[in-house]
Amino acid sequence: MVPPARTGHVDQRKRVPMLFLVHLLDLGLLTSDQSVTVLRHLATHSIPLGRIARVEGMMTTHAVMDTLSLQAARPGARFGELAMELGFLEEGQISALILAQIRRQPRVEDIVVELGLLTKEQVTEARRTFLHRREE
């Protein structure tokens, strides 16, 4: 299991899609097997942090490769923490990269429609009830 991010706002942004997925389960719109399918889709469509760091100009290709080499030697180690340990990134940059990664990740709403699990109308109504419950 991956520990939560250090920055509170990053953790919150990661939790909301999962909370919405649980909401869809609670409403009976998705089965547990379908939710696993959505989670797998999210996991396989996440853009690696190193790639974003390179594209955003925060790390060179060489720095990314050095960090990945160290990560290969330390199974379970997080890319951002290793890049910081090696002096390639600072904590604020890691937070910015994680936010960029989250923004570029497909939304649960889009995935369930793309996979044909729900219609756009069902997702819109579920989102409305989800937001209403969060406001209470």
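The values are calculated or read from the model by the stated rules, or taken from the named source; none is laboratory data. Just so it is clear, the structure is predicted and the values come from calculations on it, not from any experiment. Glycine gets a Cβ as well: all are built from the backbone with ideal geometry, and neighbour counts include every protein chain shown. SASA here: full protein model, heavy atoms, side chains in, ligands and nucleic acids out. Shrake-Rupley method; radii C 1.70, N 1.55, O 1.52, S 1.80 Å.
At-a-glance table
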quantity	calculated
Verdict on residue 90 being modelled with pLDDT of 95 or more, acidic (Asp, Glu), surrounded by fewer than 16 Cβ atoms within 10 Å (Cβ to Cβ) and more than 26 Å from residue 49 (Cα to Cα)	no
Subset tally (residues that are free of Cβ contacts under 8 Å to residues at least 40 places away in the same chain and hydrophobic (A, V, I, L, M, F, W, C)) for the stretch 25-67	10
Residue identified as open to solvent by 90 Å² or more (accessible area, probe 1.4 Å), at pLDDT 95 or above, out of contact with any strand residue (DSSP E or B) (no Cβ under 9 Å at 6 or more places or on another chain) and of a type outside the set (S, T, N, Q) among 81, 121	121
Residue list for the stretch 36-71, filter: in contact with a Phe, Trp or Tyr (Cβ under 6 Å, 6 or more places away or on another chain) and within 30 Å of residue 117 (Cβ to Cβ)	49
Every residue from the stretch 34-76 that is touching a Leu at 6+ places or on another chain (Cβ under 8 Å) and open to solvent by 70 Å² or more (accessible area, probe 1.4 Å)	39, 56, 74
